[in-house]
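One structure is given here, and the rest of the page talks about it.
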Amino acid sequence: MRTGTTLRAAAVGAAMITLAACSGGGEDGSGTDPADAALTVVTGVYPLEWLATEVGGDRAAVVQLTEPGVEPHDLELTGRQVGQVSEADIALSVSGLQPAVDEAVEQEAADAALDVADIVELRPADPEEAAHEGEEGEGEDHAHEDEHAHEDEAEGEHAGEDEHAHEEEAEGDGHDHGEFDPHFWLDVDLMSQTATALAERMAEIDPDGAAAYEENAEAVTAELAAIGQEYEDGLASCAHDEVVVGHTAFTYLTDAYGLEQIGVSGVDPDTEPSPSQIAAISDTVEERGITTVFTEPLMPDATADTIAAESGAQVEVLDPLEGVTEDSPGDDYPSIMRGNLAALTTALECS
């Protein structure tokens, strides 16, 4: 583990034990005391905690920064947690998901950073917008840039006001996570790629544990492959393919299995849908004979309840696996993924 002053190391060690005891699943799954571990991994969202715990086994201590029941997108770090990031051997994160974690890693643990965005290919946060921009071509993009530059020069002091207005509009459209959708863990193939990369990084830091990390990663990959096959089989023949969700966190899952995601709001769960958006979704649900509207454990049910009341659909839970709560359809990553599959096969009338 990294070293610092005696006082700081003692404080960080105690904090790690405390936070590990209240991490996403309720306790440090590795059961390893940070003081005795070969290495320490800090994570900010539950699926990464699960992955680090499984791959690290009893050689790694995993510190989860987001407490149970807390919306991970809104995480704000305490000074103690920033210290934990700086002391970690590996800071495992997916950039764009948690700005506070991104900032702490950049400032305090750049050498320890392992960004999933550098391991797997993340999907655009807005696929339609990305496709449209690609069609426009670079020439048109440069033309727009020149046009905006001249407008900014002409407007002078109003340019700043316009920029602020555009930022607010972007936030309202659910683009707070930036260009890419961070919810990669709903694709088991991408989780497998991340497990392999994590095992390799762990082996670099702790060569004595290289064989154990590789074996653990292979076990994780096998379990993920089994889950993926269950999805392939379970969703092979369904009466419907529309998945109506509160916010579009399920793109990786729906695209992987040929489903259509219909989101009330964008990738950002804090985006409040307008009455017209709710009405449009309600009409779609009713017109297509969709029987289920999904809500999430960490989101209010109000919007889903409204759509259900207007369309006659029922409300069920589909978990984006951003954290584990008492409302989750399982108590760890594999069981929640299988719980989501059960919810989907029922809602879509699969046989």
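Laboratory data are not the source of any read-out in this text; all were calculated from the coordinates shown. As the structure is a computational prediction, the values presented were derived from the model and not from experiment. So basically every Cβ, Gly included, is an ideal-geometry build from the backbone, and we count neighbours across all protein chains shown.
For the reader, a short list of remarks on this structure follows.
- Sites E106 and S274 - FRET efficiency at Förster radius 45 Å, r taken between beta-carbons, to 0.05: 0.85
- Per-selection Kirkwood Rh - the range 183-312 (Cα, Å, 1 d.p.): 17.0
- Approximate spin-label separation A219-R80, in nm, with each point projected 7 Å along Cα-to-Cβ: 3.1
- The residues packed around D301, meaning those with a beta-carbon under 13 Å from its beta-carbon, carry a net charge of -4 if Lys and Arg are +1 and Asp and Glu are -1.
- Sites E230 and E179, calculated FRET efficiency, Cβ-Cβ separation with R0 25 Å, nearest 0.05: 0.20
- FRET efficiency for R288 and D327, using Cβ-Cβ distance with R0 set to 30 Å, rounded to 0.05: 0.65
- Potential lengthening between E71 and D58 on full extension [0.36 nm per residue; Cα-Cα distance subtracted]: 1.8 nm
- Segment A239-D189, extension gain: residue separation times 0.36 nm, minus the distance between their alpha carbons: 15.4 nm
- Cα gyration tensor shape of the range 268-351, rounded if a/c is under 1.5, else prolate or oblate by comparing a/b with b/c: oblate
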